[in-house]
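A.B. asks: The structure follows.
Derivation of every value follows stated rules applied to the coordinates shown; laboratory data play no part. Source: prediction; values computed, not measured.
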Amino acid sequence: MSDDLANPLLLLLIIWWLAASVAVSWAAGSRGHNRGRWFSLSFFLGPFLAVLLLLAYPSAPVSDRERKTEGSLSITGEPRIY
C-alpha cells in the first residue's frame, strides 16, 4: 500500500472506530449501563467485541435505573428529563 493511500485510510479507520465506540456506549446507556465504562471497553477491546458483550450482558434492572434518577428534581420541583 502506498503512503498516499495509507494516511486517509488510517484516518477513516480511526473516525469509524470512535463513532462505533460512541454507538456502543449509547446502546449500553439505553440498556441502563454506564456509558463511559462501555465506551472505554469498546474503544480498547474493539466495537465488535463490545457489541457481543453488551448483547450477552443483561440489561440493568429497572430499580437500578430508577435509583439513578430518584431525588433529581429541578428547581421547580419537576423531574429532570435526561
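A.B. asks: For the range 29-41, take each phi angle, set θ = phi - 60°, evaluate the Karplus expression 6.51 cos²θ - 1.76 cosθ + 1.60, and give the result in whole Hz per residue in order, putting x for glycine and proline.
C.D. replies: Result, ordered by residue: x, 6, 9, x, 9, 6, 5, x, 5, 6, 5, 4, 4 Hz.
A.B. asks: Quick one: which residues, 5 or more positions from His33 or on another chain, have an amide H under 5 Å from its amide H? H modelled 1.01 Å from N in the peptide plane, none for Pro or chain starts.
C.D. replies: Distant-sequence amide H within range of His33: Ala60.
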